[in-house]
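Following: one structure in structure tokens, then a few remarks.
The values are calculated or read from the model by the stated rules, or taken from the named source; none is laboratory data. Fair warning: this is a prediction, and the values are worked out from it, not measured in the lab. A quick note on method: Cβ atoms are made from the backbone with ideal geometry, for glycine too, and the neighbour counts reach across all protein chains shown.
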Amino acid sequence: MPKLSKKLSVKIVTLFPGFVENFVESFGIVKRAVKLRLLDLKAVNLRSFGLGPRQSVDDRPYGGGVGMVLRPDVLCRAINRLKQKNPAARKMQRIILLSPQGKPFTQKDAQRLARYSSLVLVCGRYEGFDERVRSFVDEELSVGDYVLMGGELPALVVSEAVMRLKPGVLGKDESADRESFAEGLLEYPQYTKPEILKDGKKKLVVPAVLRSGNHQKIAAWRLAESIKRTEKRRPDIFKKTNVL
């Protein structure tokens, strides 16, 4: 496992580069990280590696079937262009295929990938990609048991989960460790003003312990609430925690 790298380069191989570019331009934290050179997040247009005058990237599947399949020669050309040639740099790079068939992506994966300095995220489209593409990547990840129209959203999910763990991206590094899943538990309930919220006959009040000023009691309450919330809402991950 490589040591934690301060900077992160993310290249997303996609047929829709505007999807990624809009994300970078629209999201303040990401735009700030790019400006500070903590993050280099760019789209790589798969079409530029296409074949012929029409820059074809797909073809009909062998054996018949509905839809088109992304060609392995086109995808591999893009991957090889982005793959680090220097052995030391290659150790700090991870090439990832986004697919519903991949390993479920978790916070532990985000923490693991944050140790790399370079990520190449390959997005599928149409009816998927030629099986042989899997031989050219380091791993395959899925963001859930459902089907999307392409890998762009999963790629951005992985990118954001990883980049926010890099020092300086969030401004205050400790904030990355205090949210859901960071320590294997869901985040505790958060409150702000007003102290009392009235809606018809309903009256909702901020818990007294949070207004007490006793930081030791507040920390204990938050931990207890995290445990309670995790056990109730996500018993699957609660079983894996070691907080009790």
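Observations on the structure shown:
- Taken together, LYS103, LYS6 contain a single residue that is among the charged types (D, E, K, R) and part of a strand (DSSP E or B), which is LYS103.
- From the list GLN93, GLN84, GLN107, GLN101, the lone residue that is out of contact with any strand residue (DSSP E or B) (no Cβ under 8 Å at 6 or more places or on another chain) and among the polar types (S, T, N, Q) is GLN107.
- Flag for PRO53 being touching a residue at least 40 places away in the same chain (Cβ under 8 Å), assigned by TED's automatic domain parsing to the domain that holds ALA114, part of a loop (DSSP other than H, G, I, E, B) and not charged (D, E, K, R): no
- Residue in region 187-209 that is at pLDDT 90 or above, assigned to a helix (DSSP H, G or I), over 23 Å from the mean Cα position of the chain (by Cα) and more than 30 Å from VAL66 (Cα to Cα) present: yes
- In region 62-71 there is no residue that is touching a helix residue (DSSP H, G or I) at 6+ places or on another chain (Cβ under 6 Å) and surrounded by 11 or more Cβ atoms within 10 Å (Cβ to Cβ).
- Residue within region 43-61 that is out of contact with any strand residue (DSSP E or B) (no Cβ under 8 Å at 6 or more places or on another chain), of a type in the set (A, V, I, L, M, F, W, C) and surrounded by 15 or more Cβ atoms within 10 Å (Cβ to Cβ) present: yes
- Selection of first residues in region 137-155 that are under 19 Å from ARG77 (Cα atoms) and in a loop (DSSP other than H, G, I, E, B) and of second residues that are modelled with pLDDT of 95 or more and among the aliphatic types (A, V, I, L, M), restricted to Cβ pairs under 6 Å at least 6 apart or on distinct chains, gives the following pairs, ordered by first then second residue: VAL137/ILE95; VAL137/LEU97; ASP138/ILE95; GLY151/LEU98.
- Residue match in region 90-105 (condition: in the same structural domain as ASP40 (by TED's automatic domain parsing) and over 20 Å from the mean Cα position of the chain (by Cα)): yes
- Candidate set from region 6-19 (those that are at pLDDT below 95 and within 17 Å of the chain's Cα centre (by Cα)); member that is surrounded by the fewest Cβ atoms within 10 Å (Cβ to Cβ): LYS7
Per-residue answers, yes or no, for (1) within 13 Å of the chain's Cα centre (by Cα); (2) among the polar types (S, T, N, Q); (3) surrounded by fewer than 16 Cβ atoms within 10 Å (Cβ to Cβ):
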position: ALA114; (1), (2), (3): yes, no, no
position: GLY128; (1), (2), (3): no, no, no
position: ARG134; (1), (2), (3): no, no, yes
position: VAL143; (1), (2), (3): yes, no, no
position: GLY150; (1), (2), (3): no, no, no
position: LEU153; (1), (2), (3): yes, no, yes
position: ARG164; (1), (2), (3): yes, no, no
position: PRO167; (1), (2), (3): no, no, yes
position: GLY171; (1), (2), (3): no, no, yes
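- Residue tally, condition among the hydrophobic types (A, V, I, L, M, F, W, C) and modelled with pLDDT of 95 or more, over region 45-69: 4
- None of ASP73, ASP58 is closer than 24 Å to TYR146 by Cβ and among the acidic types (Asp, Glu) except ASP58.
- Flag for VAL133 being in contact (Cβ under 8 Å) with a residue 24 or more places away in the chain and in a loop (DSSP other than H, G, I, E, B): no
- Selected residue [outside any loop (DSSP other than H, G, I, E, B) and either of a type outside the set (Asp, Glu) or at pLDDT 95 or above (or both)] from LEU165, LEU119: LEU119
- In region 73-92, the residues that are farther than 21 Å from LEU153 by Cα, out of contact with any Gly (no Cβ under 7 Å at 6 or more places or on another chain) and crowded, with 18+ Cβ neighbours inside 10 Å: CYS76
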